[in-house]
Each structure stands twice: as C-alpha cells, then as structure tokens.
C-alpha cells in the first residue's frame, strides 16, 4: 500500500512538471496549437503489469499527433469537459492513445516489429505492453525537430531532457530502445554500469549493429539501453523481418541477464567487423 501511495505521488508530481513546462512554452510560435505535453504514449497500467518493461525513445512528439480539424482525436478523454479529476483525465488520454487512431504510419515501421520479437506491443495485444517517450522535449513542434533552429533545440532540451530522466526513473524500464542520430546518446546521463558493446551484427556490405549498455537508475534498478542507427525512421536501416529477429535476440538477453555466462552476441558466421566507434554508433551523423 505504501508503494502505491509513493508511486501515485511521483506520478502527480510528474504531471504537474509536464503541464508547468507546457504552460511556460505554449505561446511560443513553434509550439503546435492546440496541443498538450506528452508524458508518454501508451497504457501505463498494462506497462507496469508487464513481465518485461520496455520503453522506446524518440526526440519529440509529432505535430501529426494533433491533426486538423480535430487536434484531440487521438486523446479522446481530453475532449471531455473535465468531468473528473484532471490528472485522471490526462492519464486516461495517454493510456488510450494506441486505442484511438494512433500515428500508425510512424509507430508500426519504427518500433512495433522489434517489440513483437520481444513479445511486446504498443497495442496491448502481447504479453508485454511498451510505452513511447521523447528525450528532447514532450512538446509537439511545427516545424518538426530537424527544422527548428539550433537555439530553439537547445532551449527545449534544457528542460526536456532532465524531465525525461525523471520519467524514466519513475517508469523503471528493463529495456530502453533508442534509434536516433548518435550524438543524442550523450543526453542520457544515467550512471553507466556496463559500457557500450555490440550484441547484434547484421551481414551486409556495411554491417548494421545493435549496441547495448547498462545504466543504473536513481532507485538502483539496472536498465539496458539498445541502440541502432536510424534512417528516416528508427531502426529504418533494417527491414521488418530483421527487426523482429533483433527483438527476439534482445528478449533472450533479457531472460538470461541473471546468467551472463550463457549469453553470446549475435554475429553472422564469417563476418568480421572493423570500424571506428563513430561509424558504428552514427556519431558522425548530423543531429536532427
């Protein structure tokens, strides 16, 4: 009972911080109007009940999450007239996102195939339910992130990245999946327990790598981060079938995490990997 009360208090505090941030920025020209701050996308109750807790990471919410002429069509409970406690209304809207016409054109090719390999889904149809988060800011912008000025990005990140860390501390995921320009990885400031290593290598002219590191959250919990280079979409340099295979491999690693000696990295037979860290992690890519 005490744990539930503490978790509820943490959630209440986070909601206030997210909305305070939105209120401080909502009049700026590049903020989508009307909109709201997105703490996460997905059903947190089912996420917390999952045997493997998985969080995916992007940069910031899309303006397409608030489409015209009905900006809150994907957040139906926010269209109600505050008929119950506002925090409940807000959490209900986030929980129902993947039930109410989500932005499938992005989520399905970006993460869903890999999640399915982990016996997980955004859509509450697998053993594990994943949540999506954004590391730079919880605010939807127009123009999109890549077209914002450098000064605007820095200003949004200054408040958005620390808030994301607080959210991850609250969610305590087992797995964090991220596929962005490599330089964004430096925004992750959790204590490193085990530094980057390659856990999956795909056979191709320019090998595609999945790299992993372990970090310690403020609670002491260990989370594993999995990173692969992006293209137009997260993990977009590999097809749906291989994304599923990668997910299965990560699931196997997670299940064997208590027995490290049983784990062997996935490398196609006969493949030799030779490359600088910058090339492997995409650190030479322009940050979008």
| said: Please pick out the residue among 139, 167 that is touching a strand residue (DSSP E or B) at 6+ places or on another chain (Cβ under 7 Å), assigned to a loop (DSSP other than H, G, I, E, B) and touching a residue at least 40 places away in the same chain (Cβ under 8 Å). | reply: 139
| said: Looking at the structure I just gave you, is residue 97 in contact with a strand residue (DSSP E or B) (Cβ under 6 Å, 6 or more places away or on another chain) and crowded, with 16+ Cβ neighbours inside 10 Å? | reply: yes
| query | Does segment 131-140 contain any residue that is crowded, with 23+ Cβ neighbours inside 10 Å and within 21 Å of residue 255 (Cβ to Cβ)? | reply | yes
| said: Taking the conditions exactly as written (more than 25 Å from residue 106 (Cα to Cα) and in contact with a strand residue (DSSP E or B) (Cβ under 9 Å, 6 or more places away or on another chain)), does residue 222 satisfy them or not? | reply: yes
| Any residue at all in segment 186-194 that is farther than 30 Å from residue 34 by Cβ, crowded, with 17+ Cβ neighbours inside 10 Å and in contact with a strand residue (DSSP E or B) (Cβ under 8 Å, 6 or more places away or on another chain)? | yes
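Which of the following residues is closer than 25 Å to residue 196 by Cα and over 15 Å from the mean Cα position of the chain (by Cα): 60, 104, 116, 142?
Numbers: 60 fails: over 15 Å from the mean Cα position of the chain (by Cα); 104 fails: closer than 25 Å to residue 196 by Cα; 142 fails: closer than 25 Å to residue 196 by Cα.
On inspection, the qualifying residue turns out to be 116.
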| request: Could you grab me the full set of residues in segment 177-208 that are part of a strand (DSSP E or B), touching a helix residue (DSSP H, G or I) at 6+ places or on another chain (Cβ under 7 Å) and closer than 22 Å to residue 130 by Cβ? | output: 177, 199, 200
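Name the one entry in 227, 235 that is at pLDDT 95 or above and under 20 Å from residue 105 (Cα atoms). Let's see the steps before the verdict.
On the way: 227 fails: under 20 Å from residue 105 (Cα atoms).
Every option except 235 fails the conditions.
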| task | Being surrounded by fewer than 18 Cβ atoms within 10 Å (Cβ to Cβ) and either in contact (Cβ under 8 Å) with a residue 40 or more places away in the chain or part of a helix (DSSP H, G or I) (or both) is the filter here, so list the residues in segment 146-158 that pass it. | result | 146, 147, 150, 151, 152, 154, 155, 158
| field | residue 271 over 27 Å from residue 121 (Cα atoms) and either assigned to a strand (DSSP E or B) or at pLDDT below 95 (or both) | value | yes
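Looking at segment 164-178, is at least one residue more than 15 Å from the chain's Cα centre (by Cα) and within 24 Å of residue 20 (Cβ to Cβ)? Write out each step before concluding.
Let us first name the residues in segment 164-178 that are more than 15 Å from the chain's Cα centre (by Cα), namely none.
No - not one qualifying residue is present in segment 164-178.
Here's the yes/no breakdown for (1) in a loop (DSSP other than H, G, I, E, B); (2) more than 26 Å from residue 243 (Cβ to Cβ):
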| site | (1), (2) |
| --- | --- |
| 14 | no, yes |
| 20 | no, yes |
| 27 | yes, yes |
| 35 | yes, yes |
| 46 | no, no |
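Name the residue, out of 42, 58, that is on the phi > 0 side of the Ramachandran plot, at pLDDT 95 or above and touching a helix residue (DSSP H, G or I) at 6+ places or on another chain (Cβ under 9 Å). Lay out the reasoning, then the answer.
On the way: 58 fails: on the phi > 0 side of the Ramachandran plot.
Every option except 42 fails the conditions.
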| remark: Filtering segment 108-136 down to residues that are part of a helix (DSSP H, G or I) and either without any contact (Cβ under 8 Å) to a residue 40 or more places away in the chain or in contact with a strand residue (DSSP E or B) (Cβ under 6 Å, 6 or more places away or on another chain) (or both) yields 108, 111, 112, 115
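The values are calculated or read from the model by the stated rules, or taken from the named source; none is laboratory data. Note that the structure is predicted; figures quoted are calculated from it, not measured. Here Cβ is always computed from backbone atoms with ideal geometry, including for glycine, and neighbour counts include all displayed protein chains.
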